[in-house]
1. Restricting region 59-99 to residues that are in contact with a strand residue (DSSP E or B) (Cβ under 7 Å, 6 or more places away or on another chain) and acidic (Asp, Glu), which is nearest to Ala19 (Cα to Cα)?
2. I'd like the full set of residues that are part of a helix (DSSP H, G or I) and closer than 13 Å to Val140 by Cβ, limited to region 96-125.
3. Mind listing whichever residues of region 58-86 are among the β-branched types (Val, Ile, Thr), under 20 Å from Val123 (Cβ atoms) and in a loop (DSSP other than H, G, I, E, B)?
4. How about region 146-165: which of its residues are surrounded by 15 or more Cβ atoms within 10 Å (Cβ to Cβ) and either in contact with a His (Cβ under 9 Å, 6 or more places away or on another chain) or closer than 15 Å to Thr127 by Cβ (or both)?
5. Quick one: in region 38-52, which of the residues that are touching a helix residue (DSSP H, G or I) at 6+ places or on another chain (Cβ under 9 Å) and part of a loop (DSSP other than H, G, I, E, B) is nearest to Arg21 (Cα to Cα)?
6. Residues Leu93, Leu55: which one is within 26 Å of His138 (Cα to Cα) and in a strand (DSSP E or B)?
7. Please list, ordered by first then second residue, the pairs with beta carbon atoms under 9 Å, 6 or more apart or interchain, first in region 41-69 and closer than 25 Å to Ile9 by Cα, second assigned to a helix (DSSP H, G or I) and aromatic (Phe, Trp, Tyr).
8. If I go through region 134-145 residue by residue, how many of them are touching a residue at least 40 places away in the same chain (Cβ under 8 Å) and either under 17 Å from Val101 (Cβ atoms) or surrounded by fewer than 23 Cβ atoms within 10 Å (Cβ to Cβ) (or both)?
Amino acid sequence: MMPGEDNAIQLELLKMRHAHRLEQFELANREFFASRISDRGDDYFANFGDRLAALVAENDARKSLFFVLIAPTGRIVGRVNIADIDQPDVTELGFRIDAGVQGKGVATRGVRAALQIAREHGVRSITARVALDNLASHRVVQRCGFAAMGLVDAPPGSNRTFMGYRIVLSD
């Protein structure tokens, strides 16, 4: 990463044109992400194009807001997802940030920008789940205004313990 590159990172809605760079991002960070959440598994990569097309279709239908974070070099350095904005009771935030840009505020800035767009789409509240041992992600959601709600169920495929968070964007 170039000096200062993280300050100019852009949040973009996920599109099919991001396919190759997104797959590179996911593969390059696979072990790192698996150590914090769970591994997506080989099937995820074998069917990457189909999965990406489904996410783009959700964006296009305004059912979810799936984003990529792009550095000035064009490299994808993160993802921010706000899933199921069409279902207020289950709208959930998720994010993944490249191991090489951890600790530089990229996640916080990306999540804040995504929350603003969600607010503009009429989303009223969002939940998040963070593994208890993922201290960096706890800091991100807290900095972005999420309040802890207590322990929650782990996402499918994870055997970790998770804390739930919630933010109210509007009443």
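The values are calculated or read from the model by the stated rules, or taken from the named source; none is laboratory data. No experiment lies behind these values; they were computed from the predicted model shown. Because the Cβ atoms are built from the backbone with ideal geometry, glycine has one as well, and the counts that use them run over all protein chains shown.
1. Looking at the filtered set, the residue picked out is Asp98.
2. Residues of region 96-125 that are part of a helix (DSSP H, G or I), as a first pass: 99-101, 106-120.
Selection gives Val101, Val106, Ala107, Thr108, Arg109, Gly110, Val111, Arg112, Ala113, Ala114, Leu115.
3. Ile85
4. Across region 146-165, the qualifying residues are Phe146, Val152, Ala154, Phe162, Met163, Gly164, Tyr165.
5. Initially, region 38-52 is screened for residues touching a helix residue (DSSP H, G or I) at 6+ places or on another chain (Cβ under 9 Å), giving 39-40, 44-45, 48-49, 51-52.
Those still in the list that are part of a loop (DSSP other than H, G, I, E, B) too: 39-40.
Details: Asp39: 19, Arg40: 17 Å.
Looking at residues that are touching a helix residue (DSSP H, G or I) at 6+ places or on another chain (Cβ under 9 Å) and part of a loop (DSSP other than H, G, I, E, B), I get Arg40.
6. On inspection, the qualifying residue turns out to be Leu93.
7. Listed pairs, sorted by first residue: Arg51/Tyr44; Val68/Phe25.
8. So the answer is 3.
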